[in-house]
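Read-outs throughout are calculated quantities, based only on the coordinates presented, and are distinct from any laboratory measurement. Quick caveat, the model's predicted, so the values are computed rather than measured. Neighbour counts run over all protein chains shown; Cβ positions are idealised from the backbone, glycine included.
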Amino acid sequence: MTENADPASAPEGLDWEDDRLPVERVRSLFVTLGKAFRAHQLYDENNPVRHRFVESLKGEFRALWSELERLSVHVGEERIYLGESEVYHSESRKDSLAFLFFKDGVREITFLPGIEEHELGTFLGVLQKARKLIPESDDLLTVLWEAEMRYFRYQYVDLLAEGVELPEAGPGADKDLLQRALAAEDEEMATQEQAAAQGREEAADTPQTVQQEDFNPTLYVLDPRDMDALRSEIQKEMSRDTRTDVLKALFDRLEESGNRERQSEILGILEVLLPNFLSRGKLVAATNVLLELRRLEELEGAFDEQRKAESRGILDEISTPEAVGELMQALYAGTIRASSSQLSNFLQFLRGQALAPLLKESEVVQHQELQTVLRTAVQGIAGKNREALIALLDEDDPLIAAAAAKLAAEMRIAGAGPALARLLAHAEPDVRLAAVEAAVALKAASVAHALEERLEDPERSVRIAAARAFQALHYSPVARTLSGMIRSKVIRNADISEKVAVFEAYGTTAGADGVSLLDGILNRRGGLLGKRESTEMRAAAALGLGRIHTPEARAALEKAAHDEDPVVRSNVRRALREDA
Amino acid sequence: MTDSGGGPDLQELGRKLLTAIFGAQSALKLYPVENETVQHAITELHTLVDGIVKQEGAAEVRVVGDFFFLNETRLRLDLSNFSTFGAFAGALSGHGIGAVEIIHGVERSEWAPFISMLLRPAAEAEPFAHFSERLAEAPVKHITVRPSTEVEEPHEDEEALTAAKRTYAQSVKVVQNVMGDLRIGKAVNVRKVKRSVQGIVDQVLSNESSMVTMTTLRDFDEYTFTHSVNVSIFSVIVGQRLGLERISLYELGLGALFHDIGKQRIDADIINKPGSLTDAEWAELRKHPTEGLLLLFQMHGFTDVPYRQMLMAYEHHMKVDLTGYPRNRREREPSLFSRIVAVADAFDAGTSVRSYQYEPWPPDAVLQEMRDNPARGLDPLLVKVLISATGVYPVGTLAILDTHELAVVSRVNPDPDLLHRPTVKVISDPMGFPLPEPKVVDLAQSRPDGNPVRYIIKTTDPQKYGIRVSDYLIS
C-alpha cells in the first residue's frame, strides 16, 4: 500500500491530542521493534532469541489494538513521533529505524491490526533487506512495493511529482467542422450502401464500416486450448534462461564484421560480464562466452586485428593470477559449484599467466578430484604455452618453481634445460630436488654440470637424488667425481642409502673401469691388521659392482659370495641376481 | 489509494464462487432446470455460498469498475477466470446491477430462479427497476440486489482518473528525462524509472480503464515519450490478463518502457523525419533494438543485470517466425514478454501519428489488422488477449452509431461475448450538433426482442472531425 505524501507535510502543526494517545505503549512497542529488528539481523530464522523478540513484538501489537484502531506515526530523520510525542529515537544512524525510513523518503508509516499475525515476518524481512541495500541499487520504497503488504502502509515524498503538469481536457470539437465532417461521412456511407445494393466492388472496400463477421467471438475470445497454451508460455517464460538469450544476441551481433565500433562495445560488455558470471557461480555461462570468443577469433573475417586483440585481452584478463586466485576462492567457498568436466571446460581457455597460480593450487589442494582437474588443466595450458612454463622455473615462489620443474619433466620440455640448471642452485632444497628429478626425466645433458654440484648438496635427499640422476642418465663423465667421493671420508660418514646411491651411480657410470675400486672395497683387507672396510661400504660396493655387468665385476662379487658378514653376503647375492 | 484486502481464503472462495455462478449460468442456458447438469451446478453453487455465508455472515458480490469484490476482497483476474468474470459482469451490468447480496438462510431452491432472471434480456428502460420488481415476485428471499449506480460512486472514477493522470504524466516525464540523459551520456536515475513503472502497475491493477484512457492522449508530449509509456501500460494490461504476478508485471512494464530506448542512439533527424524513410534510413532505424540492448548494459541501478528487459528491447521487432529484425544467427525464440511488447507496440504505433509513418488508423482497424494479417508476425494468442482487454472497439475509438450520433468509446464491456458493445460517450446528435455534455450510453443494452438499443455502424478518424478524443475521456 503506497501513498504519496505532500513533501511539505511534517509532524509540526498536527492537531493531535497526545494525552488520548497511548504514547508509553507505543514507545514500548518501538523499543521491542528495535530489538526484534536487531535480532532479525543477528540470528537465523530458527534461533530462539529471535523467536522470543518477535513473539514479544506480537504481544505489544495485540495489546495496542485494544487502544488504537491503527497505529500511524510520523518519521523524522532521527525520531519517530506519535502525534507530537516522540516514541522512538536512535543516536546511531546505522541501526536507526527512523533513518532507515527517512532516507528513502518515507514520512509516515501505519500499522494495521493483523500485522502481528500475518506480516510481521515480512515486515522485519523488508527492514533487513532495506538495511543491506547498496546506494546504487534498490531503495526501501522498491522493497516495500515488492513486499505488497496489506497490514502496513506508508506515505513518502514523491520525487516524481516535482514539476509535473497533469493533462487536462481541451474544449472539444468545433461545431462547424464536426457537422461538415459528419455530413460528408453520412454521404459517403450512403454512397457505399447504394454501391453495395448494386453489388459494386468498391462497397466491400470499406474497412471501417462494421461487418457482422467481425463479431464472431472465435476471432477474439480465448478458448480453453488457447488458455492452456498461454499458461505453458508463462511457465516457460518464468524459467527462461534470459542470460543465455542475451548472450546469443550479443554474439549474433558480434559476429557481424560490418560495425567494428559495435564489436568493440560488445567485447567491452563481455569483459564486464565474465567476472559478473563468475561471481555468481555461473561457470558454464562464462565458459560459453570464452568458447564463442575463441570461435569468432578463428572465424575468418569476423574480427580485424584490433578486435582480435581486444578479444584476447578478455582471455588475458581472466587468466591473471588475481582472477585465477578469485576463481579458486570461489570454488573453495562453494560460490561456484561445478562438475569436474565443467571446471575443466572453463580452465582450458586460460592463458599462460594462469599457470603459476594453477600450478600452486594443484600442489596444495586437498581435494583429490579438484587436484586432478587442476593438474589436467595446467598440463593443457602448459602444452599450449611452453615458454610460460619454462619461465616459471625462475619463479621466486619455491612451490611454483618446483611444480613447474615437475611439470616440465612430465611434459618432456627439452628447452627447459638452462632454466633447470639455474633451478638446481635454488635456495630451497625441495626445489633443487624437483629440479634434479626433472633433469632425470628430461635427460638434460645441459644440466649435468649443475647436477654434479648437487652431489655435494648440503641436503642429503638432494645428494641422493643427484646420484640416482646420474645413474639414470648413465652419464660417464661424472664417474671421476664419484670415484673421488668414494675414496673420501665423506661417503664413509654418510648413511647407507646415500652410500648405495653413490656406489650404484659410480658402477653405472664408470662401467668396467670401476671394478678395481669397488672390488678393493668389497674384498681387500687393508693395513697391518688386514682390516676390511665397514659393512655398509662393502655392501654398497657390492651393489655398485652389480651395476657394471662385466665378467670381472661378477668375479669380484663371487669372491664375496660366502662372506662371513651376513649383510655383505646378502647384498652380494642381490647384486649377483640383478647382474644375472 | 486502496489496495486489495482480505485473506487468501476469501480470494480463493471468491474465484470459486464466480466460477460456480458461471457454471450454473452456462447450464441453465443450455438445459431445463430439471436437468442433472443444472442440478449439479446449482448444488455446487449453493454449497459454496452456504459455506461463505456461514464463515463471513453474508456474501456480497460487487462489480466496481473493472473489478469484482467479494465482501471487502478484490478478486484478481487472470487467464483462468477473466472470461468467467466477464460473463457474470456482463449479465449484472445489463440489468443495471452493481451488487448481489446473499444473506444467512439462503436455500438451494432460490438459485435457479435468480440465475434464470439474470439470463433474460434486460429491459430497455430502467433495467434495474424491472429486475427488482421481478425478483420481488420470485421465490428468492435471501438474495438481494443493488443498482450499479449505488455501487460505483462517480467520485471513485474521478479519483481514479486523477491518479491515472498523475501516474501518466509522471511516467512521461521520467521517460523524457531518461531519453534526454541517455542522449547526452548522463547517468540515468533508475529509481525514478522503477517508481514510475510501479505506479503504472498499481494503477492498472486498481483501475485499468483509467490508465487505458490516458493512452488516448495523443499530443500530451513527444510521440517517443508517450509511446513508451503507452506500450508499458498496454503490456501490463496484457500481462495482467495472463495472470502474471505483480512483480512480473513490474518486470514487463519496465522492459516495455525501455523497449525503444535504442532510438536514442539513432540520428534524431531520422527519428523525427516527416514522411517516408529511404532504404538507408530504414536500415539505420532497424538498428535500434540492438542499440537498446547495448544501452541497457550501460544503465546502472538495477539489482541484477536487466536481461529480461534487454530481451524486450532487442526482440520486440522480431516476428514469431523469426523474420523481422534484428536477424538471428543463433537459435532463438522471442520471449513471451518480448512478444507482449511487440503486440502493445504495434497497437499503440498503429493508432498514433508518427513522424515517419502513415496516418493513424482507428483503433479497431489496427486491432483487426493485427489479428488478421499474418505478415505482421505478432503472436495471435497475445493479440486475442489484447482484444479481450481493449474490446473490439478500444477506448478512444471514434464511432458513428446507428442513430448517426457521433460517440467516443469510453469503457470496454467486461463480458467477453459483448466486446463489440462497449460503453460510449455520445458527443453529437444525429445532425452533428455537439452535445453540451457528453452522454454516457451502454451499448450492451438491448431491446426486449434482443436487438441492441444502439450500435456502432462505423468507426472513423478523429482528425477528420478536428476532435481530440481524450477531451471527452479525461474530463
Quiz item: Okay, which of the range A:82-114 sit inside 17 Å, backbone N to the point 7 Å along the Cα-Cβ direction of residue A:31?
Solution: A:82, A:86-91, A:97
Exercise. Could you give the size of the charge dipole of the range A:237-285 about its Cα centre, using +1 on the Cβ of each K and R and -1 on the Cβ of each D and E, expressed in debye and rounded to the nearest 20?
Key: 180
Quiz item: Hull surface divided by four, with the convex hull built on the Cα atoms of the range B:219-346: how many nm²?
Solution: 8.9
Quiz item: Ordered by residue, what ³J(HN,Hα) values in Hz, to whole numbers, does the range B:224-234 give under the Karplus form 6.51 cos²θ - 1.76 cosθ + 1.60, where θ = phi - 60° and Gly and Pro are x?
Solution: 4, 6, 5, 4, 4, 5, 4, 5, 5, 4, 5
Quiz item: At 222 nm, what helix-only mean residue ellipticity would chain B give, in deg cm²/dmol to the nearest 500, using -39500 (n - 2.57) for each DSSP H run of four or more?
Solution: -15500 deg cm²/dmol
Quiz item: At what distance in angstrom do the alpha carbon centres of the range A:505-573 and the range A:349-394 lie from each other?
Solution: 46
Quiz item: Given a Förster radius of 45 Å and the C-beta distance between residue A:342 and residue A:117 as r, what FRET efficiency does 1/(1 + (r/R0)^6) yield to the nearest 0.05?
Solution: 0.45
Quiz item: Roughly what angle does helix B:82-94 make with the longest principal axis of chain B, taking Cα atoms, 0 to 90 degrees, to the nearest 10?
Solution: 60
Quiz item: Based on DSSP H runs of at least 4 residues, each adding -39500 (n - 2.57), what is the mean residue ellipticity at 222 nm of chain A after dividing by all its residues, to the nearest 500 deg cm²/dmol?
Solution: -19000 deg cm²/dmol
Quiz item: How much net charge surrounds residue A:565 when only other residues with a Cβ under 9 Å from its Cβ are counted (Lys, Arg +1; Asp, Glu -1)?
Solution: +1
Self-check item: Between the range A:472-497 and the range B:319-353, the Cα center-to-center distance that results, in Å
Solution: 83
Self-check item: Per-residue mean of C-beta atoms belonging to partner chains within 10 Å, peptide A:226-235
Solution: 5
Quiz item: Over the range B:287-398, what number does the Rg to Rh ratio reach, with both radii from the alpha-carbon atoms and Rh per Kirkwood?
Solution: 1.00
Quiz item: Percent of alpha carbon pairs in the protein assembly as shown separated by more than 41 Å?
Solution: 60
Practice problem: Please list the non-local residues whose amide H lies under 5 Å from the amide H of residue B:73, H modeled 1.01 Å from N, same-chain partners needing a gap of 5 or more. | Solution: none
Quiz item: Working from the pairwise distances between different alpha carbons, so that the mean of 1/r is found and then inverted, what is chain A's Kirkwood radius in Å?
Solution: 33.9
Exercise. Report, to the nearest 10°, how far helix B:246-257 tilts away from the longest principal axis of the Cα atoms in chain B, using its own Cα long axis and a range of 0 to 90°.
Key: 40
Self-check item: Within straight-line cross-link reach of residue B:54, lysines at Cα separation under 26 Å, skipping those fewer than 8 residues along the same chain
Solution: B:16, B:141
Exercise. Pairs to check: A:236/B:384; A:35/B:192; A:499/A:531. Give those whose C-alpha atoms are more than 30 Å from each other in this structure.
Key: A:35/B:192
Quiz prompt | Residue-wise HN-Hα coupling along the range A:137-143, computed from phi with Karplus coefficients 6.51, -1.76, 1.60 (Hz; x: Gly, Pro) | solution = 9, 5, 10, 4, 4, 5, 5
Quiz item: What does the charge dipole of the protein assembly as shown about its Cα centre add up to, to the nearest 20 debye, if the Cβ of each Lys and Arg holds +1 and the Cβ of each Asp and Glu holds -1?
Solution: 6320
Quiz item: What net charge do the residues around residue B:438 carry, taking every other residue with its C-beta under 12 Å from that of residue B:438, with Lys and Arg at +1 and Asp and Glu at -1?
Solution: -2
Exercise. Based on the mean of other Cβ atoms within 10 Å per residue, sort peptides A:36-49, A:79-92 so the most packed one is first.
Key: A:79-92, A:36-49
Exercise. Could you work out the local net charge near residue A:264, counting Lys and Arg as +1, Asp and Glu as -1, over the other residues with Cβ closer than 9 Å to its Cβ?
Key: 0
Quiz item: What ranking of A:51, B:316 emerges when the number of other C-beta atoms within 10 Å of each C-beta is taken as an exposure proxy, fewest first?
Solution: A:51, B:316
Quiz item: Quick one: putting +1 on the C-beta of Lys and Arg, -1 on the C-beta of Asp and Glu, what dipole do you get for the range B:347-475 around its Cα centre, in Debye to the nearest 20?
Solution: 100
Quiz item: Taking H as built 1.01 Å from N, whose amide H comes closer than 5 Å to the amide H of residue A:108, not counting residues under 5 places away?
Solution: A:75, A:155
Quiz prompt | Within 10 Å of each Cβ in B:187-194, the average number of Cβ atoms from other chains | solution = 3
Practice problem: Using only alpha carbons, build the gyration tensor for the range A:294-372 and give me the equivalent ellipsoid semi-axes, biggest first, whole Å. | Solution: 28, 13, 10
Quiz item: Among B:194/B:319; A:129/B:263; B:165/B:263, which pairs are too far apart, with a Cα-Cα distance over 31 Å?
Solution: A:129/B:263
Quiz item: Each residue of the range B:313-327 in turn: what ³J(HN,Hα) in whole Hz from Karplus with 6.51, -1.76, 1.60 and θ = phi - 60°, glycine and Pro shown as x?
Solution: 5, 7, 9, 5, 10, 7, 7, 5, 8, 6, 7, x, 9, x, 7
Quiz item: Any idea what the alpha-carbon Rg over 2.2 N^0.38 Å comes to for chain B?
Solution: 1.04
Quiz item: Is there a simple number for the mean count of other chain Cβ atoms within 10 Å of the Cβ of residues in A:157-170, and what is it?
Solution: 6
Quiz item: To two decimal places, what compactness ratio does the range B:389-475 give when its Cα radius of gyration is scaled by 2.2 N^0.38 Å?
Solution: 1.02
Quiz item: If one computes P(r) from the Cα atoms of the range A:448-580, what percent of pairs lie at distances over 26 Å?
Solution: 16
Quiz item: At what distance in angstrom do the alpha carbon centres of the range B:377-452 and the range A:17-75 lie from each other?
Solution: 53
